[in-house]
Amino acid sequence: MFDKMLGTAVAEGKETIIMGDTNCDFLKRNDHKYVKNTLSSFGLEQQITDPTRITPQSSTLIDIIATTHPEYVKSSIVLGSPLSDHEIVAIIRKMNCQRTKPRKVVSRNFSKYSHEAFQRDLASVSREDILKEINVNVAWSAFKELFLNVLNKHAPIVERTVRGRDLPWLNNTIKKAIHERDYYFRKAKQTGRENFWSTYKRKRNKVTCMIRLEKARYYKRLIQENQSDPKGFWKAVKKCIPDKKAAQRRSKSLEINSTITNDKREIANGLNSFFYKSGRDSSSHLT
């Protein structure tokens, strides 16, 4: 279950932070290699560097904080605790790592809204002219104006400035699909029923495919629009290419024969063996 949840978060590009007591000493390279390789395979990087459990006999680092976005972490902290033989671990996270332009949002302010007061004021407004009107369009316009005047009194329209998000490819269709995915995820966690879990997985895969497709369309359109502008063209191309920090977060481990390894030679031999066997099997079917 842990691997599935972690894989889902990482696959959707979400910033993932894991912290806790692992009973795995990160000061010893060969201690519980499976735990370390599992974190590495999902692109998680351990941030704590000092011992977190110190006794007269040993000094170990078993309380960790691992993240998929180490560039967002300014520093890590290990504090002594008089209440436990484990130290307190923490990280200082950078804020506003990616600054985007703020945007204006228009909405109604319901902070002082009273349902009873709204109904009372709406009932007290005269509607005789509306009921006497023969033209239905004129009557509707008059009623709409009357209703909005009362509503604006109790829930006025306000304009707010909210933080910008650099997600130009995120359209209403994808938002709706994300809401459906999250709904079934909540139902699956609450009930534990298999049908909700299977529905959630289908919705999750659908959202992932939609995001990838819409991203590809957006960047393709962006490059085409800037073909005559060299500066704009290369700026658009740069957005399509992962940065160095993103490349560093990629998994450096591989599962070979049910064993996770990060040894470059073993990974190379494993890939070579896989593709050699695949090519041999393919050729045998053709002959």
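The values are calculated or read from the model by the stated rules, or taken from the named source; none is laboratory data. If you're wondering where the values come from, they're calculated on a predicted model, not measured in any experiment. Cβ sites come from the backbone with ideal geometry, for glycine too, and all protein chains shown count toward neighbours.
Structure summary
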| read-out | value |
| --- | --- |
| Residue within segment 29-41 that is buried (at least 18 other Cβ atoms within 10 Å of the Cβ) and either touching a Pro at 6+ places or on another chain (Cβ under 7 Å) or assigned to a loop (DSSP other than H, G, I, E, B) (or both) present | no |
| Exclusive hit being at pLDDT below 90 and outside any helix (DSSP H, G or I), set LEU170, LEU222 | LEU170 |
| Members of segment 100-124 that are in a strand (DSSP E or B) and free of Cβ contacts under 8 Å to residues at least 60 places away in the same chain | LYS104, VAL105, VAL106, SER107, ARG108 |
| Criterion: in contact with a Phe, Trp or Tyr (Cβ under 6 Å, 6 or more places away or on another chain) and either surrounded by 10 or more Cβ atoms within 10 Å (Cβ to Cβ) or farther than 28 Å from LEU39 by Cβ (or both) - qualifying residue of LYS94, LYS132 | LYS94 |
| Residue list for segment 30-52, filter: modelled with pLDDT of 80 or more and of a type in the set (D, E, K, R) | ASP31, LYS36, GLU45, ASP50 |
| Identity of the residue in segment 42-58, among the aliphatic types (A, V, I, L, M) and more than 26 Å from ILE267 (Cβ to Cβ), that ends up surrounded by the fewest Cβ atoms within 10 Å (Cβ to Cβ) | ILE54 |
| Test: PHE110 is loosely packed, with under 12 Cβ neighbours inside 10 Å and of a type in the set (Phe, Trp, Tyr) | yes |
| Checklist (1) surrounded by 11 or more Cβ atoms within 10 Å (Cβ to Cβ); (2) over 30 Å from THR55 (Cα atoms); (3) under 37 Å from the mean Cα position of the chain (by Cα); (4) among the hydroxyl-bearing types (Ser, Thr, Tyr) applied to SER141, failing item | (3) |
| Exclusive hit being over 22 Å from ASP263 (Cβ atoms) and part of a loop (DSSP other than H, G, I, E, B), set ILE18, ILE64, ILE48 | ILE48 |
| Only one of ARG186, ARG127 that is over 30 Å from PRO102 (Cα atoms), basic (Lys, Arg) and without any contact (Cβ under 8 Å) to a residue 12 or more places away in the chain | ARG186 |
| SER84 part of a loop (DSSP other than H, G, I, E, B), of a type outside the set (Val, Ile, Thr) and out of contact with any Lys or Arg (no Cβ under 8 Å at 6 or more places or on another chain) | yes |
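So that you can scan it fast, the table gives a plain yes or no per residue for (1) under 30 Å from the mean Cα position of the chain (by Cα); (2) free of Cβ contacts under 8 Å to residues at least 24 places away in the same chain:
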{"residue": "GLU45", "(1), (2)": "yes, no"}
{"residue": "PRO51", "(1), (2)": "no, no"}
{"residue": "ILE65", "(1), (2)": "yes, no"}
{"residue": "TYR72", "(1), (2)": "yes, no"}
{"residue": "LEU83", "(1), (2)": "no, yes"}
{"residue": "ILE92", "(1), (2)": "yes, yes"}
